[in-house]
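Structure first, commentary second.
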Amino acid sequence: MRLLGVLGGMSWTSTEAYYRLLNEGVADRLGGLHSARLLVHSVDFDPIAARQHSGDWAGTAEILASAARGLASGGAEALLLATNTMHKVADEVGAASGLPLIHIADATAHAVVAAGVRRVGLLATAFTMEDTFYIDRLAAHGVEAVVPPPGARAAVHRIIYDELVRDVVRDESRASYRQVMADLVTDGAEGIVLGCTEIGLLVGPADTSVPVFDSTRIHAAAAVDWLLGAPTR
């Protein structure tokens with residue numbers, strides 16, 4: 001089995017899910033007492049979140065690049081950024097480490113296309129919904145992403161940062177997300193991408209009438225494939 005470097009802590013709640021999914025995936029594939037070979041660097045999220053909200057993306061890239069170089073020096077053979085939003089600086093982080101990077105948007109797009117879906121609603125942080133780095137990456141695979149209107153985007157973002165990254169799950173927030181998803185379906189979305197790694201804590205396939213693509217689960221499955229011999233793509 002290969003050795004995967006995991007950059008986590010953004011937030012710890014999603015990294016916890018990644019750790020479980022990676023180990024469950026390897027155990028399911030290999031049986032016995034097999035588990036995933038991982039090097040995990042869990043960063044302190046507070047200074048990264050502060051830089052996100054101030055627009056200092058170069059600062060976030062520097063923090064993650066330093067951590068990624070440490071994973072490479074520790075023997076990691078590929079890199080997994082256990083977060084959607086920080087894929088905004090994925091190219092810089094991957095280049096700093098010298099390692100191939102398993103890109104979350106590529107993995108998600110492959111799953112969407114394989115399901116025969118071409119137009120998806122995207123739920124994510126405001127950074128991911130309002131910038132082009134993620135939407136353009138999906139588009140490169142032939143997937144069109146539509147996002148909620150400004151007020152709904154603000155609500156989705158607030159719930160992520162005020163609740164989900166703190167492991168707080170509220171029924172009223174679930175109802176809010178359900179309404180946002182229903183509106184996206186009315187707007188023509190054929191599926192919903194959960195484009196923030198914490199959103200799966202709140203909603204899932206039972207909360208909408210169209211297929212749901214949980215980026216955390218999809219990304220972890222792609223990483224398991226790599227751990228067991230598949231190339232990065």
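Throughout, read-outs are computed from the coordinates displayed, never taken from laboratory work. Everything numeric in this text was worked out from a predicted model, so none of it was measured. Every residue, glycine as well, gets a Cβ built from its backbone with ideal geometry; the counts of neighbours run over all protein chains shown.
A few comments on the model shown:
- Helices in the chain, meaning DSSP H runs of at least 4 residues, each add -39500 (n - 2.57). Divided by all residues, the mean residue ellipticity at 222 nm is -16000 deg cm²/dmol.
- Value of relative contact order over the chain, rounded to a whole percent, pairs C-alpha under 8 Å and six or more apart: 25
- Counting all C-alpha pairs of the stretch 184-233, share separated by more than 17 Å (%): 45
- As a length-normalised measure over Cα pairs under 8 Å and 6 or more apart, the relative contact order of the stretch 105-215 settles at 33 percent.
- Cα pair distances exceeding 15 angstrom across the stretch 32-82, given as percent: 53
- Entry for volume of the Cα convex hull per residue in Å³ (calculated from the structure that is shown) out of (1) 146; (2) 117; (3) 199: (2)
- Tilt relative to the chain, helix 171-186 - C-alpha long axis, 0 to 90 degrees, to 10: 70
- Degrees, to the nearest 10: 104-114 long Cα axis against longest axis of the chain: 60
- The stretch 105-215 has equivalent-ellipsoid semi-axes of 21, 14, 13 Å, by the square roots of 5 times the alpha carbon gyration tensor eigenvalues, sorted largest first.
- Ranking Tyr161, Phe127, Pro150 by how far each Cα lies toward the positive end of the dipole of the stretch 125-194 (charges on Cβ) leaves Tyr161 at the top.
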